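Derivation of every value follows stated rules applied to the coordinates shown; laboratory data play no part. These figures come from a predicted structure and were not determined experimentally. Here the Cβ positions follow ideal geometry from the backbone for every residue, glycine too, while neighbour counts run over all protein chains shown.
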Amino acid sequence: MNAPLSSGLGLLFLVGINTTLQAAPLQIIRLKPGENFVTTGVLDERSDTAFFATAESDFRYSLETSSATVLQIRVSDFSIRKRIVLEAGETPLQAAVLDPHRRRIYFGTYGDPNREVSGQIIQIGVDPFEKKKTYLLPKGEFGISSGVLSPQGDTAYFGTLFGTVVSIDLTGMTLIGDSKLADETNAFQCAVRDPSGMFAYFGTTAGNVMKIRLADMSPLENITALRQEPGFRCAFFDPASPYVYFGTQGKPAKVIRFLLTDFRPEEAFLLATGQNDLVAGFCPRGKGIAYLIAAGPPAQLIQIKLKPFSILSSRPLPEEIGDVRCAVFDGQRQAVYLGTGRDPGQIVRIPLAGL
């Protein structure tokens, strides 16, 4: 172990924000009653479409009387095109991953360890937009909150509540295998695949990062980067450098840079007061910067320099947006789409120009 670091279809609104950054106006889609908490999202650049999942309540376990909804949003005019309401119990959806080759999206559900209800993998077709298949995880596997896809798109790897990573053959929706952490209190909360496609890194709520070789599901290393402080919630790569970054749930949050060549935490960067609980991070190729989403409320969009670490700018969002639950980055349009936890929920589009 390494030593820890110290320390209808919905309504569209335009909201002008007067800040010193002269930021571009937000666009907001207010969802229908029952679509109360936006839990995860993914962007399909090929079809110019984003997909977001919503839940009826904020309860973390799968309720047998509740349903999730999957929204199809055309990003060119930022409008909801269709929605799919899933069967009761198939909620809340998390850890969305997209297979761009087979045109499928995969969501994980939480299940309920108190009732011995295992988590599930839900397969949704992109075109046509419809539910395809459901896979029930083996007994004792709960709480899918993170996932990555193989470069070929035929295998998905999902992190669970009790420190297991399961691999699923997506062509037949069958279990391939799993890897476990020694300490089952390590709930996997975020994951990222390296640019080579050979390895994945899973971060836990306890502050560990587990490195897995995807070809044979071998756990290679498990680093404890945090102790006695909030753990990780998001992860992202800088495609132009040998680093991976993990964001914490702290108040304020931290960003920790890991060097991939020998897989060790290199530096921790503490954000400013009020920049709490990082939901997502995105790094445009070759710019040496990253965009971070702090959950709030009030939520913030933060731009940082990656090396050396520094805050370049930040944009607090209106309090009426509420807290942010998920975020999707659109590199082509230089915008970010946020899913919020209002009642009902909202999808918010923020241009990065002016930040």
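A few notes on this one:
- Scanning segment 66-118 for residues that are assigned to a strand (DSSP E or B), charged (D, E, K, R) and under 27 Å from ALA335 (Cβ atoms) yields a total of 6.
- Which listed residue is more than 22 Å from LEU63 (Cα to Cα) and assigned to a strand (DSSP E or B), from ILE122, ILE168: ILE168
- In segment 131-159, of all residues being surrounded by 23 or more Cβ atoms within 10 Å (Cβ to Cβ) and of a type in the set (Ser, Thr, Tyr), the one that is farthest from LEU71 (Cα to Cα) corresponds to TYR157.
- Residue count for segment 235-291, restricted to those that are within 19 Å of LYS211 (Cα to Cα) and either of a type in the set (Ser, Thr, Tyr) or in contact with a Pro (Cβ under 8 Å, 6 or more places away or on another chain) (or both): 12
- Only one entry in VAL97, VAL166, VAL117, VAL126 is within 21 Å of ASN186 (Cα to Cα), touching a strand residue (DSSP E or B) at 6+ places or on another chain (Cβ under 8 Å) and surrounded by 19 or more Cβ atoms within 10 Å (Cβ to Cβ), namely VAL166.
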